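The structure appears below as structure tokens.
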Amino acid sequence: MPILHAEELTAWCRRIFLAAGVPPEVAHRVAESLVDSNLVGHDSHGVIRVEQYIEMLGDARINPRAEPRIVRETGNTAVIDGGWQFGQVAARQAMDAAIVKAWSGGVAVVQLYQSGHIGRLGEYAAQSLTRDMIGIVTTNNHGSGQVLSPFGGIARRLSPSPIAIAVPGGRDFPIVLDMTTSVVAEGKVRVKRARGEKLPEGWILDPQGLPSTDPADFYGPPLGSLSPLGGAAGYKGFALAFMIDILSGALGGAGCSRRDPPPLRGNGVFLQVINPAVFGAGDRLPQEVAALVEYVRSSPLAPGHDRIQIPGQPEHETRLQRLQTGIPIEDDTWRKLQAIANSLGLSS
């Protein structure tokens, strides 16, 4: 398994996107975002996605020269048409717009549609922390990309409907919740398949609706599905996914999961930013959060556990480790990156 430092891997991916005709600033932005996902341990949203993105460039499902534009706006809201630009570009711009509006108006909601796949949601929620504000991001797959079965069903009906929330007050690391409403993100199944590994119990259902540990039972044919978060209480994960699909798709024009969905292109995105200062909590909120962290950590440990981790802590610790030791890349993923590079006339 190759191990590369972040700068080397970013440069490598940037060269691939440039060779595929992506403008320099966009190529760097996308490469940087993918590698950052690897740095924090979200390999499912890292450079394993390069193959998918190159394919989508090839059949014009991504437009790397599009200029996202506001099509509807009030003082506290906006609807942005991403023009099928890379999601890493469109979503950053959308969150920037929400931050500006919340800074002056207290609370802002921005809806983004016709955006390419935005990658790791926590990246965008954390943008709000630069202004000491709360950031919330949810997505659906623009009506397509259905991989999650409803609780009690076996057929794919929803996207994984992830959610990220970032709050000020982290003293040692950014406090960021970044989770999917399925037991696991589809990309983690993809990573396991690339590594030739079996899946943990409970991740997926096979085409007959039975639990499976074989990634092939998910990708088919016929297709399996991701299990909703919660195990025996999976109705909770399903219900959250259902609501996130509505927030991400019904308001801004991306549309919800539906029969006869369009070809997979990207995400509908809901972004909200809350300015604690307008509630008189500009100084109090970080203090409350820091105190909550300490109180939660004061709990006696359950058997088999050596510490209590706070949202964002695993990503922070993985980043520090991988900045020192490098990023491990699955052999299958590395072979595909090399094959793409060769097909584009780049020397590996």
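The figures follow:
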| item | result |
| --- | --- |
| Alpha-carbon gyration tensor eigenvalues x 5, square-rooted, for the range 153-309, Å | 33, 24, 13 |
| Estimated dipole of the range 1-154 in Debye, rounded to 20 [Cβ of Lys and Arg +1, of Asp and Glu -1, Cα centre] | 300 debye |
| Carbon + sulfur, % of accessible area of the chain - ligands and nucleic acids excluded, 1.4 Å | 56 percent |
| 5 angstrom amide H check on I204, placed H, neighbours 5+ away | S212, S227 |
| Relative contact order (percent, whole number), the range 98-191, Cα cutoff 8 Å, 6+ residue spacing | 23 percent |
| Gyration tensor (alpha-carbon) shape descriptor, the range 11-123, a/c threshold 1.5 | prolate |
| Alpha carbon centroid spacing (whole Å) that separates the range 250-273 from the range 313-340 | 30 Å |
| Per residue, in Å², the accessible surface of the chain once ligands and nucleic acids are set aside, probe 1.4 Å | 45 Å² |
| Highest to lowest packing among 236-242, 328-334, scored as the average C-beta count within 10 Å | 236-242, 328-334 |
| Dipole of the range 169-208, positive direction: furthest Cα of F173, A194, V183, with charges on the beta-carbon | A194 |
| Selection from Q272, A250, P207 lying farthest towards where the dipole of the chain points positive, charges on Cβ | A250 |
| For the range 99-181: rounded, prolate or oblate by the Cα gyration tensor [a/c cutoff 1.5] | prolate |
| Charge dipole of the range 1-84 about the Cα centre (unit charges at C-beta), most positive-ward option of I80, H5, V47 | I80 |
| Value of relative contact order over the chain, rounded to a whole percent, pairs C-alpha under 8 Å and six or more apart | 22 percent |
| Under-5 Å amide H pairs with L4, H placed in peptide plane, nonlocal only | I327, I329 |
| Cα-centred dipole magnitude for the chain, charges only on beta-carbon of K, R (+1) and D, E (-1), debye, nearest 20 | 500 debye |
| Only Lys, Arg (+1) and Asp, Glu (-1) charged, at Cβ; the range 99-228 dipole about Cα centre in debye | 200 debye |
| Residues whose placed amide H lies under 5 Å from that of S115, excluding near-sequence neighbours | G82, W84, N267 |
| Accessible area (Å², 1.4 Å probe, nearest 10) - K336 | 70 Å² |
| Under the Karplus curve 6.51 cos²θ - 1.76 cosθ + 1.60, θ = phi - 60°, whole-Hz ³J(HN,Hα) for the range 77-93, x wherever Gly or Pro sits | 9, 7, 10, 10, 8, x, x, 6, 5, 3, x, 4, 7, 5, 6, 5, 5 |
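The values are calculated or read from the model by the stated rules, or taken from the named source; none is laboratory data. Since we're looking at a predicted model, the values are computed, not measured. When we count neighbours, we look across all protein chains shown, and the Cβ atoms used for this are built from the backbone with ideal geometry, even at glycine. Surface accessibility is based on the protein's heavy atoms, side chains included, excluding ligands, DNA and RNA. Shrake-Rupley method; radii C 1.70, N 1.55, O 1.52, S 1.80 Å.
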